[in-house]
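Taking it in order: structure first as structure tokens, then the write-up.
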Amino acid sequence: MKKNLTHTLTELNYKQKWTEGLSHEIEFWHDWIHTQGQGFGEDFRNRLDPQKPLQEHIWPLLDHLPSGRLRVLDVGAGPLTALGKIYRSQPLDIVAVDPLADYYDQILREAQLEAPVRTTWCHGELLEDRFEPSTFDLVFSQNALDHSYDPYRIIKSMIRLTKVDHFVLLEHRQNEAERAQYQGLHQWNFAVEQGDFVIWNPTSKLNVSKELLPYVDIQIRFIAEVNWLNIQMKKLKDLPFESDSISSPKRGFWTKLRN
Ligand SMILES: C[S@@+](CC[C@H](N)C(=O)[O-])C[C@H]1O[C@@H](n2cnc3c(N)ncnc32)[C@H](O)[C@@H]1O
């Protein structure tokens, strides 16, 4: 019980800091949209282009799948998912979620822009309240999970929502919270240590590769010039559900609080 209580208090601290950092993130995206990409105009235009092909480095994660419409989830997608929309000459069925979706709708409306894929509301931590297990061909997140209040919980959910023999793809800058000096939503560092994927901050560290060993095959690519981590997880078998507890509230609990 004592352990659960300590754990719950720690979680609440992360959630509180996260809540405090949200206004910073909204401001960033407001400026990004009103300046059409803050100097990265090509990226801005690509995200608005419904005919933009899926990024080539992602193709190998889908090439083994039979033809047909593929369902892809982007977690923490921001206002305009970075994913290209077409693969093998067919539109992908992209589902984009983000906790700030309602703000993004408003900012896009003000700028009179329509997203080719509308981002809808969901915390990464609540994915399993909204989506059924083993229903996505690819689950993706870029530069977002290290902004969350419980990244490991999100990663486990992402794996549960992915079909067996399909992939989860995480793309993040290494040690971004350190670089950002823990400002805004930055509470977690993603890093590779002795070939393992670890999540850490000054008070805690988790070896994700070791924790998830039987369930996923993890391949890590680190692109040093841009300090970029590309982490591919192939789902080998279903990850068990954890029982509900104080530190892991029942399905639907947070959603009910919000409504
Ligand atoms: C730097 S932006 C990246 C957006 C987009 N993935 C991209 O690459 O352009 C970080 C995003 O993570 C989202 N985010 C923050 N906390 C989150 C959480 N708990 N679950 C999912 N996304 C979260 C933010 O709202 C924001 O849209």
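Since every read-out is calculated from the coordinates, none of them should be taken as a lab result. All values derive from a computational prediction rather than experimental measurement. Reconstructed Cβ throughout: ideal geometry from the backbone, glycine too, with neighbour counts over all protein chains shown.
In table form, for the structure just shown:
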| quantity | calculated |
| --- | --- |
| Scope the range 68-86; condition of a type outside the set (Gly, Ala, Ser) and either within 18 Å of the chain's Cα centre (by Cα) or crowded, with 24+ Cβ neighbours inside 10 Å (or both); matching residues | Arg71, Val72, Leu73, Asp74, Val75, Pro79, Leu80, Thr81, Leu83, Lys85 |
| Qualifying residue in the range 68-83 (condition: more than 9 Å from the ligand (Cβ to nearest atom), out of contact with any Ser or Thr (no Cβ under 9 Å at 6 or more places or on another chain) and over 24 Å from Lys156 (Cα atoms)) | yes |
| Candidate set: the range 31-49, residues that are part of a loop (DSSP other than H, G, I, E, B) and surrounded by 12 or more Cβ atoms within 10 Å (Cβ to Cβ); chosen: the one farthest from the chain's Cα centre (by Cα) | Thr35 |
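Here's the yes/no breakdown for (1) in a helix (DSSP H, G or I); (2) in contact with a Cys (Cβ under 6 Å, 6 or more places away or on another chain); (3) closer than 28 Å to Leu48 by Cβ:
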| position | (1), (2), (3) |
| --- | --- |
| Arg109 | yes, no, yes |
| Gln112 | no, no, yes |
| Asp129 | yes, no, no |
| Ser134 | no, no, no |
| Phe140 | no, no, yes |
| Ile159 | yes, no, no |
| Lys163 | no, no, no |
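Rundown of residues vs (1) among the small types (Gly, Ala, Ser); (2) within 10 Å of the ligand (Cβ to nearest atom); (3) more than 11 Å from the chain's Cα centre (by Cα); (4) over 25 Å from Leu92 (Cβ atoms), yes/no style:
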| position | (1), (2), (3), (4) |
| --- | --- |
| Phe136 | no, no, yes, no |
| Leu145 | no, yes, no, no |
| Arg160 | no, no, yes, no |
| Lys163 | no, no, yes, no |
| His186 | no, yes, yes, yes |
| Ile199 | no, no, yes, yes |
| Pro202 | no, no, yes, yes |
| Asn207 | no, no, yes, yes |
